[in-house]
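Here's the structure, in structure tokens; my notes come after.
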Amino acid sequence: MSMEIFDVAASGMMAQRVKLDTIASNIANINTTRQADGSKIPYIKKNVTFRALYEDSFSRGPANFSANSANARFDPSTGKMLIHSGIALNQGTVAQGVEVDAIYEESKNAIKTVYDPSHPDADENGYVDLPNINIVEEMVGMVSASKAYEANATVAENVKTMINSALEI
């Protein structure tokens, strides 16, 4: 069981590393007005999405949940059956980790136009197309991803400490 916890923590750390790399790329290209081939198309901000990994593919999502399913729980405070809309909490269907689902380019409001007639890529009216990257949003994402990475590293360290303590008994 403890080795599975290491796998979950490691998958979280790897996913957050990809997110940090993507954010770093966005920040590094905040003023990029051309593609690598020289075309006058600005850099497009990239985002990362994650998805949970499950032991078997049939255990995800709210499909076929009923009051008799493994996800149904009785809530004594309301007297009602609660049906979880996520994963089952037993029968081996708990998430086994996380992975990067996609790295995609932002499509909505991806480019902003600014007036800078001195810029070498300015059009005849003095306007330049730049990536619509907000440095504050990127920094918040970076702090969030680094804290999530740190939390996964702490989980792995705590499991290691517990295993060492158990071996000393």
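The values are calculated or read from the model by the stated rules, or taken from the named source; none is laboratory data. Since we're looking at a predicted model, the values are computed, not measured. Here the Cβ is made from the backbone with ideal geometry for all residues, glycine too, and neighbour counts use every protein chain on show.
Just to be sure, is E124 in the same structural domain as I41 (by TED's automatic domain parsing) and assigned to a helix (DSSP H, G or I)?
No.
Only residues that are of a type outside the set (A, V, I, L, M) and in contact with a strand residue (DSSP E or B) (Cβ under 8 Å, 6 or more places away or on another chain): list them for segment 113-124, please.
T113, Y115, D116, H119, D121
Quick one: which of E150, E157 is modelled with pLDDT under 95 and either farther than 16 Å from V48 by Cβ or among the polar types (S, T, N, Q) (or both)?
E157
Please list, ordered by first then second residue, the pairs with beta carbon atoms under 6 Å, 6 or more apart or interchain, first in segment 35-55 and free of Cβ contacts under 8 Å to residues at least 24 places away in the same chain, second β-branched (V, I, T) and part of a loop (DSSP other than H, G, I, E, B).
Listed by first residue and then by second, the contacts come to Q35/I41.
When you go through I169, I163 one by one, which is the residue that is touching a residue at least 12 places away in the same chain (Cβ under 8 Å) and either farther than 18 Å from V100 by Cα or not assigned by TED's automatic domain parsing to the domain that holds Q16 (or both)?
Going through I169, I163 in turn, the sole match is I163.
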